[in-house]
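See structure below.
A short reminder: the numbers here are calculations on the coordinates, not readings from a lab. If you're wondering where the values come from, they're calculated on a predicted model, not measured in any experiment. Reconstructed Cβ throughout: ideal geometry from the backbone, glycine too, with neighbour counts over all protein chains shown.
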């Protein structure tokens, strides 16, 4: 990843199936952290998995025995060896998001970028559990997409 700043988030990307994922993941993460967390020297993991893997996680942790687009698992623990904060894990089902991008008439990379933004905002305690929270989260997502030059034909409601 070529994206470097004085303080840079460490992003562990897990993509065992070699899915075609966006090249601007570092830029997306940097933007969200800079604008919504104000701390950049953090670690996180983003895993791109299949529907079966995300369904197993969804069933185990949330009780929903079905695949979904993105899950976030907040950790917010300091690594005693490095002193860096580990924010948590974002898990994205590439096949689910691929189908969703077709339904939403968005590019796959645009839809994946939205899932990265969405998942990271969840790690930063954004939620869409109430109308007010959803409005705040959706606005943050839209602002990030616009600032990063990621244009989607349709956004989720």
Quiz item: Limited to segment 79-107, what total is found for residues that are part of a helix (DSSP H, G or I), over 15 Å from the mean Cα position of the chain (by Cα) and touching a residue at least 24 places away in the same chain (Cβ under 8 Å)?
Solution: 3
Quiz prompt | Matching residues, segment 23-42, being crowded, with 18+ Cβ neighbours inside 10 Å and over 15 Å from residue 144 (Cα atoms) | solution = 42
